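Reading through the structure tokens given below for one structure.
The values are calculated or read from the model by the stated rules, or taken from the named source; none is laboratory data. What you see is a predicted model; the values in this text were computed from it and never measured. Note that each Cβ is placed from the backbone with ideal geometry, even for glycine, and that neighbours are counted across all protein chains shown.
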Amino acid sequence: MISVSAISEFIYCPFKVYLRYVEGYQIQSPFMLVGRLYHEVNRGYEELIKRNIWSLNKKMNLEEVSLNIFEGVSEFVAETSQKYENPELMDNEKFEDVKNMLESQLKLDSLIIAIKTKKILNTGKSPLEIVDMLFPPSILDLTLENSEIGLKGKVDKVEIGEGIYYPVEIKTGFPPVKGVWQADALQITAYSLLIEEELKKEVLVGFVDYLQIRERKTVVVNSNLRKKLFETLSQLQSLLYEGNFPDKETVTSKCNSCNYAQVCDHSSF
Ligand code: SF4
């Protein structure tokens with residue numbers, strides 16, 4: 001069965017997929033380390049914020065709301081980061097920069113939440129109602145697979161609103177100027193198909209959360225994306241099971257930052 005994450009790797013470079021899934025290379029990179037840290041922190045951060053909202057009341061001013069909402073976040077980031085320290089992949093100074101950047105992004109994010117929360121508090125809503133308004137019910141890390149499509153994967157989050165399911169993919173990198181990266185759109189499409197098969201509900205829209213700038217972008221799961229997904233899956237199957245590489249040029253800029261360059265015969269440098 002093909003994993004959904006292989007789809008975006010395939011879009012990045014088919015040779016990378018071959019090296020990883022056929023040749024069996026598992027090469028770690030600083031980017032993967034940062035990605036895992038961001039994912040774990042983001043998950044715990046949301047729970048912390050929800051819990052902190054419970055301690056708020058209407059009499060608090062914006063500064064108090066903001067301070068209360070951010071309470072415990074710095075400690076949580078520091079504690080979680082300890083697990084990911086790995087000087088072989090990233091020296092201490094760089095890792096410290098990543099940690100500081102992550103904390104300042106969360107501070108900014110929590111300030112935006114504080115402004116929204118204060119406005120809602122002023123209307124007389126309770127903390128419980130505020131949590132429901134700002135954070136829709138969701139399922140985290142939902143594992144899905146379907147043998148008929150030949151696809152499996154773990155979706156970061158599925159948000160549920162009025163009986164409709166929305167797959168959410170969390171990305172550490174930056175988004176393009178417009179829309180989302182094609183690989184991200186295809187991942188959302190793949191999760192949509194898996195959710196439709198598993199939960200028997202049509203999925204029309206998903207989201208990509210780009211954590212670097214904390215921006216959510218929408219993906220409309222239309223027929224073009226579905227068609228592109230099946231074409232990509234067919235190319236991937238052909239590569240993985242028959243060793244057929246699609247006609248694709250290697251791109252120097254990608255090879256320059258590729259963690260597989262040291263073991264890749266197709267590297268362009
Ligand atoms: S080094 Fe270049 S060709 Fe090789 S896997 Fe990486 S991106 Fe692809």
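Could you tell me which of the residues Q105, Q82 is of a type in the set (S, T, N, Q) and exposed (fewer than 13 other Cβ atoms within 10 Å of the Cβ)? Spell out the reasoning first.
Values: Q105 fails: exposed (fewer than 13 other Cβ atoms within 10 Å of the Cβ).
Exactly one residue qualifies, and that residue is Q82.
Filter the stretch 163-178 down to the residues that are within 16 Å of V221 (Cα to Cα) and in contact with an Asp or Glu (Cβ under 7 Å, 6 or more places away or on another chain), then identify the one that is surrounded by the most Cβ atoms within 10 Å (Cβ to Cβ). It would help to see each step written out before you state the result.
First pass over the stretch 163-178, keeping only residues within 16 Å of V221 (Cα to Cα): 164-169.
This time we only want the ones that are in contact with an Asp or Glu (Cβ under 7 Å, 6 or more places away or on another chain), so: 166, 168-169.
Working: Y166: 22, V168: 19, E169: 24.
Within the stretch 163-178, the match that is surrounded by the most Cβ atoms within 10 Å (Cβ to Cβ) is E169.
Find the helices (runs of 4 or more DSSP H) located wholly in the stretch 177-269 whose residues include 1 or more that are more than 28 Å from S138 (Cβ to Cβ), of a type in the set (A, V, I, L, M) and not assigned by TED's automatic domain parsing to the domain that holds R36, and list them. Break it down into steps so the answer makes sense when it comes.
Numbers: elements: 182-199, 223-242, 252-256.
So the answer is 223-242.
With the checklist (1) of a type in the set (A, V, I, L, M, F, W, C); (2) within 19 Å of I11 (Cα to Cα); (3) loosely packed, with under 13 Cβ neighbours inside 10 Å in hand, flag the one item I213 doesn't pass.
(2)
Being assigned to a loop (DSSP other than H, G, I, E, B), in contact with an Asp or Glu (Cβ under 8 Å, 6 or more places away or on another chain) and surrounded by 14 or more Cβ atoms within 10 Å (Cβ to Cβ): is that true of I149 here? Outline the logic, then answer.
Numbers: assigned to a loop (DSSP other than H, G, I, E, B): yes; in contact with an Asp or Glu (Cβ under 8 Å, 6 or more places away or on another chain): yes; surrounded by 14 or more Cβ atoms within 10 Å (Cβ to Cβ): yes.
Yes: the conditions hold for I149.
Per-residue answers, yes or no, for (1) surrounded by 13 or more Cβ atoms within 10 Å (Cβ to Cβ); (2) of a type in the set (V, I, T); (3) within 30 Å of K118 (Cα to Cα):
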| site | (1), (2), (3) |
| --- | --- |
| L134 | yes, no, yes |
| L142 | yes, no, no |
| E145 | yes, no, no |
| G153 | yes, no, no |
| K157 | yes, no, yes |
| G161 | no, no, yes |
| V180 | yes, yes, no |
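Specify the residue that is surrounded by the fewest Cβ atoms within 10 Å (Cβ to Cβ); the eligible residues are those in the stretch 216-259 that are at pLDDT 90 or above, under 23 Å from I27 (Cα atoms) and within 16 Å of the ligand (Cβ to nearest atom).
For the stretch 216-259, the residue satisfying everything is L240.
Being under 20 Å from C13 (Cβ atoms), within 13 Å of the chain's Cα centre (by Cα) and touching a residue at least 40 places away in the same chain (Cβ under 8 Å) narrows it down to one residue among A183, A190; which is it? Step through it out loud before you land on a result.
Working: A190 fails: within 13 Å of the chain's Cα centre (by Cα).
Sole residue among the options that is under 20 Å from C13 (Cβ atoms), within 13 Å of the chain's Cα centre (by Cα) and touching a residue at least 40 places away in the same chain (Cβ under 8 Å): A183.
In the stretch 63-82, what count of residues is obtained for those that are touching a Leu at 6+ places or on another chain (Cβ under 9 Å) and either closer than 11 Å to S110 by Cβ or in contact (Cβ under 8 Å) with a residue 24 or more places away in the chain (or both)? Steps first, please.
Filtering the stretch 63-82 for residues touching a Leu at 6+ places or on another chain (Cβ under 9 Å) gives 64-66, 68-74, 76-77, 80-81.
With either closer than 11 Å to S110 by Cβ or in contact (Cβ under 8 Å) with a residue 24 or more places away in the chain (or both) added as a condition, the list becomes 65-66, 68-74, 76-77, 80-81.
Residues that pass the stated criteria total 13.
Could you grab me the full set of residues in the stretch 1-52 that are away from the ligand (no atom under 16 Å from the Cβ) and of a type in the set (A, V, I, L, M)? Steps first, answer last, please.
Initial filter on the stretch 1-52 (away from the ligand (no atom under 16 Å from the Cβ)): 1-4, 33-52.
Listed by number, the residues that qualify are M1, I2, V4, L33, V34, L37, V41, L48, I49.
Applying the selection to the stretch 153-176, what residues are small (G, A, S) and either modelled with pLDDT of 95 or more or closer than 19 Å to I139 by Cβ (or both)? Full working, then the answer.
Of the residues in the stretch 153-176, the ones small (G, A, S) are 153, 161, 163, 173.
G153, G161, G163, listed by residue number.
Are any residues in the stretch 160-194 in contact with a Pro (Cβ under 6 Å, 6 or more places away or on another chain) and of a type in the set (A, V, I, L, M), and if so, which ones?
Once the filter is applied, which keeps residues that are in contact with a Pro (Cβ under 6 Å, 6 or more places away or on another chain) and of a type in the set (A, V, I, L, M), the stretch 160-194 yields I160, I188.
What helices (runs of 4 or more DSSP H) lie completely within the stretch 30-143 and have 1 or more residues being among the aromatic types (F, W, Y) and over 21 Å from the mean Cα position of the chain (by Cα)?
On the way: elements: 30-53, 62-70, 73-84, 92-122, 127-134.
The helices (runs of 4 or more DSSP H) meeting that bar are 62-70.
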